[in-house]
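This report refers to the structure that appears directly beneath it.
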Amino acid sequence: MKRIWILALAVCGAVLFTACGKPAGNGESSSESTTASSEASTDSTETASQEAPGNGAEFKILTAKVTKVDDNLEHMTVLNGEAETDFDLKGVVVETSYALGPDVEVSVVYKGEISGSDTSNAKIILVLDGQKDMTVQTVTGSVVDQAMSTFTIKTESEEELSFIKGSGEGLDSGVLGTATDGGNGSGAMVKVTYVTVNYDAGSKTNFPLKVEAAK
């Protein structure tokens, strides 16, 4: 009987030794590794999905060097990085102080997206003299003067800003108002989104992109 107990204890000891001798944590390491990988994958997916593609601004500017323009100025090609980008200029306002041609730098104001040489998702608004520091700006003020080709507003800081007509969403909607008796200004409050071109001679011109009633 005593011998049987000794044999039983020996068998149990062997079983316990086998269980304890198995590399502890092999299963746990695998599980933790899988979990960490899964979490990293999830984090990566979430970051990518939250990142909006491209610039979300309404109006954008591409400053580039012209490589080719056709004779009737209906198409222009510029070097955008390493890609040659073609623009359809039909119906586009081109206001440059020099003739378009190879090696001339221009600033193209557009809406939508330009990806390398693909302009299919872009609407070209203006082609202007190249400006490295051109930015889209907004200002609010009352209309104090109107002429055939320009209009002027006075801002809250009493500064008067003049703009060229001929481009700009909303200008044909009557947003500038009707001139009051005894003056060319209507007093209408407007918000103007615009860009400015600074010329070599020191002068500058403001080009409206959108004119809307100020809220």
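The values are calculated or read from the model by the stated rules, or taken from the named source; none is laboratory data. A quick note: this is a predicted structure, and the numbers were derived from the prediction, not measured. Counting neighbours? That spans all protein chains shown, and the Cβs are built from the backbone with ideal geometry, glycine included. All accessible areas refer to the heavy atoms of the entire protein, side chains included, with ligands and DNA or RNA removed. Shrake-Rupley method; radii C 1.70, N 1.55, O 1.52, S 1.80 Å.
General remarks:
- Spin-label pair E58/D172, simplified geometry with 7 Å Cα→Cβ offset, distance in nm: 1.8 nm
- Restricting the calculation to Cα atoms, segment 153-192 shows an Rg/Rh of 0.95 when the hydrodynamic-style radius is the Kirkwood one.
- Heavy atoms of the protein chains alone define the surface here; on that basis segment 138-215 has 54 Å² accessible area per residue at 1.4 Å probe size.
- Paramagnetic reach from S117 (point 7 Å along Cα→Cβ, amide N under 20 Å) across segment 63-87: 63-71, 74-87
- Rounded if a/c under 1.5, otherwise prolate or oblate - segment 126-174, Cα gyration tensor axes: oblate
- Neighbourhood charge, 12 Å Cβ-Cβ cut-off, centred on V211 and excluding it, Lys, Arg +1 and Asp, Glu -1: 0
- Share of carbon and sulfur in the accessible area of segment 78-199 stands at 45%, probe radius 1.4 Å.
- Residues L73, L171, L128, sorted by accessible area with the largest first, give L73, L171, L128 [1.4 Å probe; ligands and nucleic acids excluded].
- Annotation for segment 185-215 versus segment 126-157: alpha-carbon center distance of 1 Å.
- With the largest listed first and rounded to whole Å, the semi-axes of the equivalent ellipsoid of segment 77-215 from the Cα gyration tensor are 31, 16, 13.
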